[in-house]
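Peer 1: I'd like to ask you about the structure that follows.
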Amino acid sequence: MRMINRLPISIVRGLLLGWLAAVPAVLAAQEENLAEPRTRHFSIGITAGIDRNYHSVDMVYMSDMKFDKFRTGSVYGFRIGYAPLKWLSINTGAVLIQKNYHMDHVFEYYNLRYSLNTTMTNDYVNVPLELKLSVGRVVQIHAFGGVFGGYWLRGHRKGNTYSFSNERYFDVDEDWEFNDKRDNRIEKGFTWGAGLSGKIIDRIEVGAEIRWYYSITDIQKPYMQNLNPRYNTAFAIQGGLSYWL
């Protein structure tokens, strides 16, 4: 697969699998108490934060367009975890995350120069399934990785466009009208990151983390020839609370 201003999928998959294989061996060499089972196995929690989305585009056929690729959005979600051991847990949940981008389109037509711009605000639901490994006593350090599936819930377009029939510019501020033949609303990818956490009272734990959501699915379907693949990679900083049942 061609590299499109981002790591190839094969490298991301290899890094993730290598991490999953190596870290348990390192943790197994730690103190014996790491292997002790938890007295409470299940946790539920909430999380919130901000993200910066990187909109990767193969620009071979779009030399007249410029993408301001990094755009800020919000992240909200809930989590469910199962921890059979103090150092090992399996987590899932659902995250509402924005994956936004901005595009400038400058082109010439009959020796006249036109300048258009569009800001897209996109709401996704991501459902991760990940393995989390932890070390520490009072404050724990975590590393985690896994996969996620997602769905493009909503899009909103704001900017301007040009009507050649009326020969004038129009402002646009509207919800994105999805087209089943054009828009790929199903998303798949990898997620990984690291964080810190500590208990503030017996059953409540507070934490913070950084993570990546690396999509491997084009946001467009192959509805025409010579399409430019477009992917989202979101870097998020999140904080949250967990309650151990």
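Peer 1: What fraction, in whole percent, of alpha-carbon pairs in the stretch 175-245 exceed 13 Å separation?
Peer 2: Across the stretch 175-245, Cα pairs with separations above 13 Å total 73 percent.
Peer 1: How much net charge surrounds K221 when only other residues with a Cβ under 9 Å from its Cβ are counted (Lys, Arg +1; Asp, Glu -1)?
Peer 2: Charge balance in the 9 Å sphere: -1.
Peer 1: If we count every other residue with Cβ under 9 angstrom of D123's Cβ, Lys/Arg +1 and Asp/Glu -1, where does the sum land?
Peer 2: Residues near D123 contribute +2 overall.
Peer 1: Quote to one decimal, in nm, the extra length available between Y162 and K188 on full extension: 0.36 nm per residue of separation minus the C-alpha distance between them.
Peer 2: Length gained between Y162 and K188: 5.9 nm.
Peer 1: Shifting gears a bit: When the convex hull of the C-alpha atoms of the stretch 204-245 is computed, what volume per residue in Å³ does it have?
Peer 2: 86
Peer 1: Just to confirm a number: summing +1 for Lys and Arg and -1 for Asp and Glu over residues other than N91 whose beta-carbon lies under 10 angstrom from that of N91, what do you get?
Peer 2: Computed value for this residue: +1.
Peer 1: State, as an integer percentage, the relative contact order of the stretch 126-245 based on alpha-carbon contacts under 8 Å between residues 6 or more apart.
Peer 2: Relative contact order for the stretch 126-245 comes out at 22 percent.
Peer 1: Hey, with R₀ at 25 Å, roughly what FRET efficiency would Y76 and I200 work out to, going by the Cβ-Cβ distance, to 0.05?
Peer 2: Working from the Cβ atoms, E equals 0.75.
Peer 1: To continue, here is another question. Can you list residues from other chains, or at least 5 along the same chain, whose modelled amide H is less than 5 Å from the amide H of Y54?
Peer 2: Here T233, A234, F235 satisfy the definition.
Every number in this text was worked out from the coordinates using simple rules, so none of it is lab data. None of the values given here were measured: they were computed from a predicted structure. Glycine gets a Cβ as well: all are built from the backbone with ideal geometry, and neighbour counts include every protein chain shown.
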